[in-house]
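The values are calculated or read from the model by the stated rules, or taken from the named source; none is laboratory data. Being a predicted model, the structure only gives us computed values, none of them experimental. Note: ideal-geometry Cβ built from the backbone for every residue, glycine included; neighbour counts use all protein chains shown.
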Amino acid sequence: MNGLLKQRIFWGDMSPFAYLSGGALLVMASDRLAHALTVLVALVWVYCLSSLAAFGGARLFPARGKQVLFAFLASFVASLYLLLLWILFPLGALQLFFAVSFVPMLCAGSGICRRLEGKNLVQVLRLSFAEALVAGVLIVIISLIREPLGFRSLSLPGGVQGIMLFHPFGAESPLYLRLLSSSSGALLLLGYLLGMYRHFKAKRSVEGGSR
């Protein structure tokens with residue numbers, strides 16, 4: 001797993017950092033820790049179940065249009081997750097409907113369907129779980145920055161309102177920190193993180209070439 005994370009999932013050309021189809025999902029789902037954790041589960045659910053279904057039905061998929069069929073499959077799996085979320089936490093499902101709707105776009109846009117070809121069941125599960133986990137953990141990390149600084153609180157999924165709020169940080173945040181709770185603040189934070197990512201990726205490439 002560690003070799004997979006280093007070679008492909010985290011620094012690879014198709015990592016969640018290398019394409020922007022997950023940008024909208026990151027901005028929407030990282031406003032609250034409760035939302036980020038729910039979307040993390042959605043990512044693992046969609047990636048793993050879609051990959052398993054594609055692996056099991058590989059012989060039934062036509063040679064052309066496989067990527068399009070995989071997108072429909074991922075959307076169907078995401079709709080099942082939304083149905084379960086609606087049954088357990090109706091208000092939470094309403095809050096996260098659009099965020100979860102972006103998960104199959106991220107899954108299909110990552111090109112994971114092509115990378116599953118020629119792999120066995122264990123490799124399919126390992127690859128899909130690792131990619132979903134990296135994307136989900138990134139969203140959770142950003143939510144741990146945005147929510148405490150912007151809202152002066154932390155939250156967990158559950159409760160009548162869909163989230164359970166904790167207020168351990170006292171007074172309201174200054175205006176410049178509350179900016180992080182908005183979409184524009186999330187985009188600024190994402191820009192800084194992408195800049196750091198590209199810096200360390202370039203540095204790693206130079207170190208790898210000098211060996």
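Of all residue pairs spaced 6 or more apart or on separate chains, those with beta-carbon atoms under 6 Å, a first member in the stretch 107-133 that is over 14 Å from LEU43 (Cβ atoms) and touching a residue at least 60 places away in the same chain (Cβ under 8 Å) and a second member that is aliphatic (A, V, I, L, M) and in a loop (DSSP other than H, G, I, E, B) are GLY111/MET14; VAL124/LEU116. LEU94 fulfils the conditions (1) at pLDDT 85 or above; (2) in contact with a Ser or Thr (Cβ under 9 Å, 6 or more places away or on another chain); (3) closer than 25 Å to PHE166 by Cα except for a single criterion, (2).
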